[in-house]
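Following: one structure in structure tokens, then a few remarks.
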Amino acid sequence: MTEFSDEYIKKTSRSRELFERAKKVMPGGVCHNIRYFPPYPLYIDGQKGAKGSKIFDVDGNELVDFWMGHYAMILGHAPQPIINALKEQLEYGTHWGIVNDLQVELAELVHNIVPCAELVRFGVSGTEATMYAVRLARAFTNRKTIMKVDGGWHGGNTDLSVAIHSPYNLPESAGLLPEATKYTKSLPFNDIEFASQILRENKEDLAAVIIEPVVGAGGAIPAEKEYLKVLRELTEEFGGILIFDEVITGFRLALAGAQEFYGIIPDLATLGKILGGGMPIGAVVGREDILDLANPLKEREKWESVLMGGGTFSINPLTMRTGIATLSLLQRDETKIYPKINAMGLKARQGLEKALLEQNVKCTGVGSFFQVHFPFQEAVTLKSPKDIETLTDTKKRDHEFKLRLLNKGFFVMHGGGAVSTAHKESEINQLIEAASVIGSEME
Ligand SMILES: Cc1ncc(COP(=O)(O)O)c(C=O)c1O
């Protein structure tokens, strides 16, 4: 054991006990593998939970959170206006499974905010949204090949479980039929020349390119505008669909997400996280002629339309209500919120890089995102998930750096996180100070 693990273990005895119980009833004690970290994860106290920028664990520790519910909680944890809306809505039932006025209101908000969103279909997760977006694209183009980027994460759906982690040419999981992923290929991120060449080679059968405009799990790296422009132009030229996976960037990079930030409009986009205002959601939005393939008013044979079930819990009234409350608030306070969280994101990126200069740290991110990376060598440029995986010490980031920050009262994921409106500038300063101390403690 190292001294940083010892300190963590000393502070988290109840978490340790819960982990022992959890392992007996859940594989590895978790329900999403990124939530595990050695020696065992920190457990939130279900009766205290989280408020604003803080989370409260079962051992009575209070931490400043930068993971913010997988980046979903842009207004911080338990924001009062959203909690009020939720409480009010609870009175009327938790689930109806019948169309309602709330879904119309939320769909109208999305339609008005997101440039490509001529039509909207809600589901319950981002994974489901990307699965349906790909299905729509294949049906619309009557082609098979989907292109994603090396290191891109779109949830665990089969079609897109390709080239997520290096080495990108090997299967991402047991249990995936080679036949099922045969028509999903990958492009190098931010490499215009090579990506264009691969697209050209596949142009006859190109159904879609799906891309996170800022890779999230892959390292908080923004696509270069020129790279996205080329993808837009080539998909148009070759008759393929461009899908922006905006599950993370939607309503975060700007109110209208990456489409506003880059000024590039895809044919389809997938949304999730922030859209649900802290409740489960996913959505496919985009061109009317494409989403129309799921339109039940059209008289078509089943094999001519797209099966796109939103799921039992889609348009759940609680989610619709928290989604409406969140988007309305973001829309109302847009000019205050985005400059504020983006300025804090920049401060975190610059401050952390400076604080960890001795460690030769590089900080990636854009807007309110930041991630710290530990390159093996000096003078590296981190332009893609592949660079993160091959040129930096991700174990050091996700184990040592993470535990050392936990010991100092900060919760991060992938070496960083996303700033919310609940964070204070003083908390960014404290994070930078803590990193500076950690820098002097690390080898
Ligand atoms: C870019 C992106 N797409 C899709 C997903 C999957 O969303 P969900 O976890 O809601 O299924 C995620 C989740 O982290 C994501 O980051």
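The values are calculated or read from the model by the stated rules, or taken from the named source; none is laboratory data. The shown structure was predicted, so the numbers you read here are calculated from the model rather than taken from an experiment. Cβ: placed from backbone, ideal geometry, glycine included. Neighbour counts: every protein chain shown.
The numbered conditions (1) within 22 Å of Thr249 (Cβ to Cβ); (2) in contact with a Phe, Trp or Tyr (Cβ under 6 Å, 6 or more places away or on another chain) are all true for Leu327 except (2). Would it be correct to say that Glu179 is farther than 18 Å from Ile315 by Cβ, out of contact with any Phe, Trp or Tyr (no Cβ under 6 Å at 6 or more places or on another chain) and either outside the structural domain of Gly49 (by TED's automatic domain parsing) or away from the ligand (no atom under 16 Å from the Cβ) (or both)? Yes, satisfied. Could you go through the stretch 223-232 and let me know if any residue there is within 13 Å of the chain's Cα centre (by Cα) and either β-branched (Val, Ile, Thr) or within 16 Å of the ligand (Cβ to nearest atom) (or both). No, that holds for no residue. Exactly one residue out of Leu327, Leu307 is in the same structural domain as Asp150 (by TED's automatic domain parsing) and either surrounded by fewer than 17 Cβ atoms within 10 Å (Cβ to Cβ) or within 16 Å of the ligand (Cβ to nearest atom) (or both): that is Leu307. Just one of the numbered conditions (1) under 25 Å from Leu291 (Cα atoms); (2) within 14 Å of the ligand (Cβ to nearest atom); (3) of a type in the set (Phe, Trp, Tyr) is not true of Phe261: (2).
Looking at the stretch 392-414 only, could you name the residues that are hydrophobic (A, V, I, L, M, F, W, C) and in contact with a Ser or Thr (Cβ under 9 Å, 6 or more places away or on another chain)? The answer is Leu403, Leu406. Only residues that are aromatic (Phe, Trp, Tyr) and closer than 22 Å to Ile388 by Cα: list them for the stretch 162-217, please. Once the filter is applied, which keeps residues that are aromatic (Phe, Trp, Tyr) and closer than 22 Å to Ile388 by Cα, the stretch 162-217 yields Tyr168, Phe189, Phe194. Remark: pairs (first residue in the stretch 268-287, over 11 Å from Ala129 (Cβ atoms); second residue near the ligand (Cβ under 9 Å from one of its atoms); Cβ separation under 8 Å; 6+ apart in sequence or on different chains) = Ile274/Tyr71; Ile274/Ala72; Gly276/Ala72; Gly278/Ala72; Pro280/Val124; Pro280/Ser125. Residues in the stretch 236-250 that are within 16 Å of the ligand (Cβ to nearest atom) and either among the charged types (D, E, K, R) or touching a residue at least 60 places away in the same chain (Cβ under 8 Å) (or both): Ile243, Phe244, Asp245, Glu246, Val247, Ile248, Gly250.
For every residue, the table says whether it meets (1) part of a helix (DSSP H, G or I); (2) within 26 Å of Gly49 (Cα to Cα); (3) at pLDDT below 95; (4) in contact with a helix residue (DSSP H, G or I) (Cβ under 7 Å, 6 or more places away or on another chain).
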residue: Leu253; (1), (2), (3), (4): no, no, no, yes
residue: Ile290; (1), (2), (3), (4): yes, no, no, yes
residue: Val306; (1), (2), (3), (4): no, no, no, yes
residue: Gly310; (1), (2), (3), (4): no, no, yes, no
residue: Gly323; (1), (2), (3), (4): yes, yes, no, yes
residue: Thr326; (1), (2), (3), (4): yes, yes, no, yes
residue: Leu329; (1), (2), (3), (4): yes, yes, no, yes
residue: Thr335; (1), (2), (3), (4): yes, no, no, no
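In this structure, Asp59 does satisfy being on the phi < 0 side of the Ramachandran plot, crowded, with 16+ Cβ neighbours inside 10 Å, in contact with a helix residue (DSSP H, G or I) (Cβ under 6 Å, 6 or more places away or on another chain) and among the acidic types (Asp, Glu). Restricting the stretch 268-288 to residues that are assigned to a strand (DSSP E or B) and more than 10 Å from the ligand (Cβ to nearest atom), the residue that is farthest from the chain's Cα centre (by Cα) is Gly286. Looking only at the stretch 142-156, residues that are more than 8 Å from the ligand (Cβ to nearest atom) and either among the aromatic types (Phe, Trp, Tyr) or touching a Phe, Trp or Tyr at 6+ places or on another chain (Cβ under 8 Å) (or both) come to 6 in all.
Taking Thr2, is it of a type in the set (S, T, N, Q) and surrounded by 13 or more Cβ atoms within 10 Å (Cβ to Cβ)? No.
For the stretch 133-167, filtering for residues that are in a loop (DSSP other than H, G, I, E, B), over 19 Å from the mean Cα position of the chain (by Cα) and within 12 Å of Thr184 (Cα to Cα) leaves 2.
For Ile198, the requirement of being surrounded by fewer than 22 Cβ atoms within 10 Å (Cβ to Cβ), under 21 Å from Ile265 (Cα atoms) and without any contact (Cβ under 8 Å) to a residue 60 or more places away in the chain is not met.
Restricting to the stretch 383-403, name every residue that is under 14 Å from Pro188 (Cβ atoms) and surrounded by 19 or more Cβ atoms within 10 Å (Cβ to Cβ). Across the stretch 383-403, the qualifying residues are Lys383, Ser384, Pro385, Lys386, Asp387, Ile388. Note on the stretch 20-132: enclosed strands (runs of 3 or more DSSP E) holding 1 or more residues that are aromatic (Phe, Trp, Tyr) are 54-56, 119-123. Whether a residue is closer than 17 Å to Asn190 by Cα, within 11 Å of the ligand (Cβ to nearest atom), crowded, with 23+ Cβ neighbours inside 10 Å and under 12 Å from the mean Cα position of the chain (by Cα) was assessed, and Val215 passes this test. Of all residues in the stretch 122-148, those that are assigned by TED's automatic domain parsing to the domain that holds Ile315 have Cβ atoms under 6 Å from Cβ atoms of residues that are basic (Lys, Arg), 6 or more apart or on another chain, in Met147/Lys185.
Take Ala379 and decide whether it is among the small types (Gly, Ala, Ser), out of contact with any Phe, Trp or Tyr (no Cβ under 9 Å at 6 or more places or on another chain) and not in a strand (DSSP E or B). Yes; evaluated as a whole, the condition is true for this residue.
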